[in-house]
Amino acid sequence: MSDYIRKRLFQGFICLHILHHAVEESVYGSAMIEELSRHGYKLSPGTLYPILHSLEKEGFLESFQENVSGKIRKYYRATQKGLDELQNVKKYLKELVNEIVVDEKNE
């Protein structure tokens, strides 16, 4: 698999992870970096924040700021559009998993 294709796939997976967590609760950058690292993704802030900003610009996330121990922290949460898109993508993801993983077990 080419590096370009691998990068594009991982960006999609990362976006799905972010949306999933942002639907459940408000998230912030460094916590998302830690969460994603638990799944094997090695992201720097320079990679994550442009993704968060892009998801916000597209209307999938909205942000707000809170003062946490004297520092301003920017949080993101899913919008209704983000929730709708995640639910829509889950249908395609289930179909893909069934086709790739389940069919593989039947061979």
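Can you name every residue in segment 65-82 that is in a helix (DSSP H, G or I), free of Cβ contacts under 8 Å to residues at least 40 places away in the same chain and surrounded by 13 or more Cβ atoms within 10 Å (Cβ to Cβ)?
Hit for segment 65-82 is Lys81, nothing else.
Which one is nearest to Ala78 (Cα to Cα) among residues in segment 13-40 that are touching a helix residue (DSSP H, G or I) at 6+ places or on another chain (Cβ under 7 Å) and small (Gly, Ala, Ser)?
Here the residue is Ala22.
Please specify each residue of segment 1-26 satisfying the condition of being in contact (Cβ under 8 Å) with a residue 12 or more places away in the chain and among the polar types (S, T, N, Q).
Once the filter is applied, which keeps residues that are in contact (Cβ under 8 Å) with a residue 12 or more places away in the chain and among the polar types (S, T, N, Q), segment 1-26 yields Gln11, Ser26.
Looking at Gly40, is it part of a helix (DSSP H, G or I) and exposed (fewer than 10 other Cβ atoms within 10 Å of the Cβ)?
no
Do you know which of the residues in segment 49-64 that are within 12 Å of the chain's Cα centre (by Cα) and in contact (Cβ under 8 Å) with a residue 24 or more places away in the chain is nearest to Ser26 (Cα to Cα)?
Per the criteria, the residue is Leu61.
Which numbered condition in (1) farther than 12 Å from Ile18 by Cα; (2) modelled with pLDDT of 95 or more; (3) of a type in the set (Ser, Thr, Tyr) is the only one that Ser44 fails?
Unmet condition: (2).
Residue under question is Tyr41, and the condition is that it be closer than 20 Å to Arg6 by Cα and under 12 Å from the mean Cα position of the chain (by Cα); does it hold?
When the stated conditions are applied, Tyr41 passes them.
Let me confirm something: among Glu56, Glu62, Glu85, which residue is acidic (Asp, Glu), in a helix (DSSP H, G or I), touching a helix residue (DSSP H, G or I) at 6+ places or on another chain (Cβ under 8 Å) and surrounded by 11 or more Cβ atoms within 10 Å (Cβ to Cβ)?
Among Glu56, Glu62, Glu85, only Glu85 is acidic (Asp, Glu), in a helix (DSSP H, G or I), touching a helix residue (DSSP H, G or I) at 6+ places or on another chain (Cβ under 8 Å) and surrounded by 11 or more Cβ atoms within 10 Å (Cβ to Cβ).
The values are calculated or read from the model by the stated rules, or taken from the named source; none is laboratory data. Since the structure is predicted, the reported quantities are computational estimates derived from the model, not experimental observations. With ideal geometry, Cβ positions are generated from the backbone for all residues, glycine too; neighbour counts draw on all protein chains shown.
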